[in-house]
Amino acid sequence: MAEKPRLKIPKEAKKGEVIEIKTLLPHVMESGQRKDKDGQTIPRKIINKFACEFNGKPVFTANMEPAIAANPYMQFHAKVEESGTFKFTWTDDDGTVTTAEEKITVS
Amino acid sequence: MRQLSRRDALALASGAALTVTGWSTGASAAAKEAAEQITKFTGGKTAEKGKISIELPEIAENGNTVPLSVTVDAPMTADNYVSEILIIADGNPNPGVATFHLSPLAGKAEASTRIRLATTQNIIAVAKTSKGEFFTNQKLVKVTIGGCGG
């Protein structure tokens, strides 16, 4: 899993502001429904969980099914009261975990 | 246009009948499973209709990636907030799409993603608040090309 997640998140915010966060992880999200040209079912391989934490506290978690499109995109919000770090985690069916971090300055 | 022979016509008709029956059993099984998943989520409670807005294109030309946005019209305070949102597609081979878990830190009961839809169907959203209330809403989306491969 060499793919790098893409994040869109403000670097600065005012105390108490609700900011918008956009995330995307390049991934096939193989549904387990498709068949290859020999008629064999291609095994399911998806990101089944996405989580966002701020300073160690949970903000937003998504449990995902194969009905999430390839390159899973998530857009959500966070209310920031203090400066800190957002941590994002994507968990693959095969156990691979991809993480990313982004700092924000709150004034 | 070529005239259909009697044999062709018969073959076509039986083929069509097969497709229709096959599809309808599939669809009702999915709808049943969708209902089961919703009951499991609410613990058998009835969800009040409304308070959720689902944004989806009316017609999705490509079922492989359909933008979806859900917003729950409810407060997000420390002691009263939307804790979970379940998304169900009642015509997909597996009706479950996603479950979002929110904390008061999320600030807004809103999430967007991109989903796969096999066919024209209803998207159902059920929200749970920290007080144990349930809200639901649904939206029909027409799909031109299904997104489940095969």
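Within the range A:24-51, take every residue that is of a type in the set (Val, Ile, Thr) and at the interface with chain B (Cβ under 10 Å from one of its Cβ atoms) and give me the one that is nearest to A:Tyr73 (Cα to Cα). The residue in question is A:Ile42. Taken together, the residues in the range B:56-90 that are without any contact (Cβ under 8 Å) to a residue 60 or more places away in the chain, touching a Ser or Thr at 6+ places or on another chain (Cβ under 8 Å) and not small (Gly, Ala, Ser) amount to 13. All conditions but one from (1) loosely packed, with under 14 Cβ neighbours inside 10 Å; (2) facing another protein chain (nearest Cβ under 9 Å); (3) among the charged types (D, E, K, R) apply to A:Glu17; the one that does not is (1). Reported count of residues in the range B:65-109, each being facing chain A (nearest Cβ under 7 Å), surrounded by 22 or more Cβ atoms within 10 Å (Cβ to Cβ) and either among the acidic types (Asp, Glu) or under 16 Å from B:Gln138 (Cα atoms) (or both), is 4.
Scan the range B:28-40 and give yes if some residue there is modelled with pLDDT of 85 or more, part of a loop (DSSP other than H, G, I, E, B) and surrounded by 12 or more Cβ atoms within 10 Å (Cβ to Cβ), otherwise no. No. On inspection, A:Ile104 qualifies as more than 10 Å from the chain's Cα centre (by Cα), more than 10 Å from every other protein chain (Cβ to nearest Cβ) and in contact (Cβ under 8 Å) with a residue 60 or more places away in the chain. Among the numbered conditions (1) under 26 Å from A:Ile9 (Cα atoms); (2) modelled with pLDDT under 95; (3) not hydrophobic (A, V, I, L, M, F, W, C), the only one that B:Asn94 does not meet is (1). Of note, A:Leu25 satisfies the criterion of being within 20 Å of B:Gly63 (Cα to Cα) and at pLDDT 95 or above.
The values are calculated or read from the model by the stated rules, or taken from the named source; none is laboratory data. Treat the numbers as computed from the prediction; the structure is a model and nothing was measured. Ideal geometry is used to build each Cβ from the backbone, glycine not excepted, and the neighbour counts take in all protein chains shown.
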